[in-house]
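*Asks:* I am attaching a structure below and will ask some questions about it afterwards.
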Amino acid sequence: MKKRLIICFALITILGFSFVSIAQFTPEEIAERAKWEDFLQNAEVVGKVQLGGREAVTQPWRLTLEKDGIKNDALWKDAEGRMKGYIENWRWEIAAYRLDKYLGLNMVPPTAERRFQGNRGSCQIWVTAEMDLRKKARENIKVPSYKVFYFNRATYLHRAFDNLIANEDRHQGNILITKDWRLILIDHSRSFRTSKKFTDKLLYDEKHKEGPKLMKELPRVFVEKLKVLNFEIIKDVVGEYLTDKEIEAILVRRDLILKWLDDRIKKVGEDKVLY
């Protein structure tokens with residue numbers, strides 16, 4: 001699903017990001033994550049509409065859910081297999097959320113498995129946002145000067161995450177921007193690739209097809225978590241939602257990321273790369 005800018009998960013406005021936290025969701029939102037996961041799995045469907053068109057290749061459903069007096073929209077998809085030339089899998093939506101949560105990025109909205117119309121699928125809370133990156137570019141909207149530093153760091157972090165999960169479908173329409181300039185990442189059903197194309201090189205580096213797009217600065221805590229990742233840790237985090245081959249490909253890409261960071265540190269110094 002590409003562009004989701006309508007009411008749902010409450011995003012609390014804050015002045016800026018913490019120098020310690022790398023999360024894009026606020027502490028209040030993170031504290032309520034388990035509640036939203038339960039909501040996605042168990043709330044009653046009180047409204048539904050199937051989405052289509054160029055911006056909804058997987059033909060997902062926008063569900064209106066209600067539980068204990070709380071009503072929110074969510075996006076449900078059961079895409080699996082080749083669609084419009086791309087391999088899609090709803091399981092990768094859940095795996096991306098779980099891995100994002102484990103690594104402490106907290107950039108992917110709550111996502112859980114839910115049955116709908118008899119089928120298994122991923123269900124993700126529908127995120128309120130001020131705009132997506134496409135609108136920002138189209139209307140030439142500038143990041144406020146006091147937010148540029150944090151916005152850039154969030155951008156470098158999303159590139160590192162997409163490098164790790166081999167998300168070949170990151171584009172301006174699935175990077176959401178909140179009113180206070182936090183980045184929220186949606187749409188991960190084209191991730192976790194295993195072919196040589198996605199294990200020989202990184203998606204984001206000096207050779208990106210649109211020009212250099214670097215992981216210029218990254219949090220030390222994130223890099224340390226990458227270093228200790230192993231098959232058993234990832235398997236425990238993602239459960240049945242990734243195959244063994246997909247997990248092994250993550251570890252190959254992790255090594256590519258760490259090598260890229262080591263090379264950059266040698267060029268510009270550790271204090272310019274890690275914070």
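None of the figures in this text is laboratory data; all of them are computed from the coordinates on show. Note that the structure is predicted; figures quoted are calculated from it, not measured. Virtual Cβ from ideal backbone geometry, glycine too; neighbours counted across all protein chains shown.
*Asks:* Quick one: net charge of L226's neighbours, Cβ under 11 Å, K/R +1, D/E -1?
*Replies:* +3
*Asks:* Measure nothing but the geometry: give the 0 to 90° angle between the long axis through the Cα atoms of 33-42 and the longest principal axis through the Cα atoms of the chain, rounded to 10°.
*Replies:* With rounding to tens, the tilt is 40 degrees.
*Asks:* Past 30 Å, Cα to Cα: identify those pairs from K213/K245; K84/K135; K35/K213; K84/K225, in the order given.
*Replies:* Pairs exceeding 30 Å: K35/K213; K84/K225.
*Asks:* Which three extents, in whole angstrom, do the alpha-carbon atoms of segment 163-275 cover along their principal axes, largest first?
*Replies:* Largest to smallest, the principal-axis extents are 39, 34, 27 Å.
*Asks:* Further question on the same structure: With only alpha-carbon atoms in the gyration tensor, what are the semi-axes of the equivalent ellipsoid for segment 207-251, in Å, largest first?
*Replies:* Ellipsoid half-lengths, sorted descending, are 25, 16, 8 Å.
*Asks:* Can you give me the Cα centroid spacing of segment 98-121 and segment 195-265 in angstrom?
*Replies:* Spelled out, the Cα-based centre of one part sits 20 Å from the other.
*Asks:* Using the charge dipole of segment 27-125 (Lys, Arg: +1 at Cβ; Asp, Glu: -1 at Cβ; taken about the Cα centre), state which of Y86, L63, W36 has its Cα farthest towards the positive end.
*Replies:* Of the candidates, Y86 comes out farthest on the positive side.
*Asks:* Assuming a viscosity of 1.567 mPa s and a temperature of 4 °C, what translational diffusion coefficient in µm² per second does Stokes-Einstein assign to segment 27-125, Rh being the Kirkwood radius over Cα pairs?
*Replies:* Using the Kirkwood radius from Cα pairs, D works out to 92 µm²/s.
*Asks:* Which option, (1) 29, 22, 18; (2) 34, 22, 18; (3) 36, 30, 16, is the value of semi-axes √(5λ) of the Cα gyration tensor in Å that was calculated from these coordinates?
*Replies:* Correct label, based on the coordinates given: (1).
*Asks:* What does the charge count near E80 come to, summing +1 for each Lys or Arg and -1 for each Asp or Glu among other residues with Cβ under 10 Å from its Cβ?
*Replies:* Every neighbour counted, the sum reads +2.
*Asks:* Using r as the Cβ-Cβ distance of E206 and F151, and R0 as 30 Å, what FRET efficiency do you calculate, to the nearest 0.05?
*Replies:* For R0 = 30 Å, the calculated efficiency reads 0.90.
*Asks:* Between S195 and I87, what length in nm is gained on full extension when 0.36 nm per residue of separation is reduced by their alpha carbon distance?
*Replies:* Stretched out fully, the S195 to I87 stretch lengthens by 37.7 nm.
*Asks:* Quick check: net charge around L274, other residues with Cβ under 14 Å of its Cβ, Lys/Arg +1 and Asp/Glu -1?
*Replies:* +3
*Asks:* Something else now. For segment 136-225, evaluate the Debye formula with one uniform point scatterer on each Cα (no solvent term) and list log10 I(q)/I(0) at q = 0.15, 0.17 Å⁻¹, rounded to two decimals.
*Replies:* With one equal scatterer per Cα and no solvent, log10 I(q)/I(0) is -0.64, -0.82.
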